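Presented below is the structure to which this report refers.
Quick note: the coordinates plus some simple rules give every number you see, no bench work behind them. If you're wondering where the values come from, they're calculated on a predicted model, not measured in any experiment. Note that each Cβ is placed from the backbone with ideal geometry, even for glycine, and that neighbours are counted across all protein chains shown.
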Amino acid sequence: MNTVLKPRDPVPLLELRGIAKSFGQVEAIKEVSLSILPGCVHTLLGENGAGKSTLMQILAGVHAPTRGEIFLNGSLANPGESQKAGIAIIYQELSLAKNLSVAENMFAGHEPRRFGVVDFKRLYAQVQTLLDSLGIDIDATAPVSRLSMVQRQLVEIAKALSRDASLVITDEPTSSLSDREAGILFHIVTKLTAKGAAVVYISYRMDEIMRISNDISVMCDGRYIATLQKDETTIAALIAMMVGREMSDVHPRRETPYVHPLQPLLTVSHLTFPGQFEDVSFEIHAGEILGFFGLIGAGRSDVMKALFGIGRSSGEITMSGKRLKLRNPAHAIREGIAFITEDRKHEGLVLMHSITNNVTIASFEEHGSRFGILNRRFERDHAHEHPCVRAVAGSWKPERRQSAESGVLEMASVETKGPDPR
C-alpha cells in the first residue's frame, strides 16, 4: 500500500549550499547541501567522524565554513549571528558552568534585571516555570555541580529552549537519558514543530529516528549522501547508506561457542556506600556483558566508581579468586580494572595534554618511565598500536591537544586508558 506523503513547504527555513570545512589539511566536510523545512524534524544520520557535529557547529556559529553559503528564510545568513537568527543548539558535550545555579546557566546573558542588577527572584521563578512546563523535575536554584550528568543534560535542553528559537539543533540529546527523560524530549520536540519551528536531530538510535523524523539526511566521510522522507525508506537502507555497504550480518555469531566458566571472574557482595547505594551484590563470568539499569539517582554510576576505587565503600570485591580492598583508582588499575566514565571531559581526560599523553597516562607506572623519566618511544608506539586508536587513525593527530578533538576521538582516548582489562 502506498503511503501518502504530506505536502512540502516550498520555502526552506534553512538551506545549506556547498558547505565545506577544513581543519589544516583535513577536510572534515565536503560540499554539503541540504534544506530544513519549517515544522519538521530533520534527522542527520552518519557514523562517527561523518562530519555531523562539525556541520551543526557551523550552523551554531562555532566554526566558519571554509566555503559555501547558508540561507535562513531565503536570505543569506551570517553563521556568527546564529542566536540572533533564532538558532539554538543542544550540544552533545555540556556547556554548563558548574559553579552557577540552574537558573543562572539557563538565562546567562539575558537575565531579568531590576535597577540594572539581576532580579534573582524573577529569574528563579521564570526558570522554575519553564522547567515545570517541560516536565523536568529540577530545582531552578540548585547548583549545577550537584546535579547528575543526566540532570545536566536536561538542563542543557531547557537552556536551549529558554529563547524563542525557530531552529533547534540537537546533537545526540538522548545519549545519556532513560526512556522517561527521552519521552520528555520527544514531547518538547512535538510542541516545537507544532509551532512551526524546525528541529535538526542527530542520533544513532534508529527506533527514535523512525519515530520522530519527517526527513532524514545521511552523511558518510564528510559527504552528503541523500535526503529521504521517513516513509520512503527503511532502517536497513539507511544503515547501508551510512556505512557505504549492505549490512547482511549486523550481529555476527561467535566464531566459537561460548563456554560458561565454572568460577566467576568478579564477585561483589553487599557493596555499600552510605547515601549513594547499599547492599549491592552480583557476579560476572569471563566473556559476559552485565548491564545495569535504573532511573536518575538510582546509583548506577556510583557503583561503577566504587569498583574503580573511588570513594569509601564497604562490602567485598573478589576478582579471579583474590579479594580486593581497593584504596584508589591507581590500585584498581594495577589489579586490571579499567573504567570508562560517563563524563569523559571532566573525569576521563586531561584536555590540555595531547592525545598520546591521554592514551598512555594510566600505563606510565608500569611501562612508560625509567628512573622517573617518561619513555617517549613507548608512549608513541603504545598509542599508535592500540586498537581503539587505530580504528580512528585516519583523523588522529597524536600531538594535538585532546580538547581539539571530536567526540569519537575523545571516546577512543578514554577507552584506551588503563591496563589491558580483564
- Item | Cβ-defined net charge surrounding PHE71, 9 Å radius [Lys, Arg +1; Asp, Glu -1] | -1
- Message: Please report the net charge: other residues with Cβ closer than 13 Å to the Cβ of ASP119, K and R +1, D and E -1.
- Response: +2
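Sorted by mean Cβ packing within 10 Å, highest first, what order do the peptides 351-360, 179-188 take?
351-360, 179-188
As an exercise, identify the trypsin sites (Lys or Arg not before Pro) in the range 78-174 lying in DSSP coil whose Cβ has no more than 11 other Cβ atoms within 10 Å.
LYS84
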- Task: Report the chymotrypsin sites (Phe, Trp or Tyr not before Pro) located in the range 103-173 that are in a DSSP loop and have at most 14 other Cβ atoms inside 10 Å of their Cβ, or state none.
- Result: PHE115
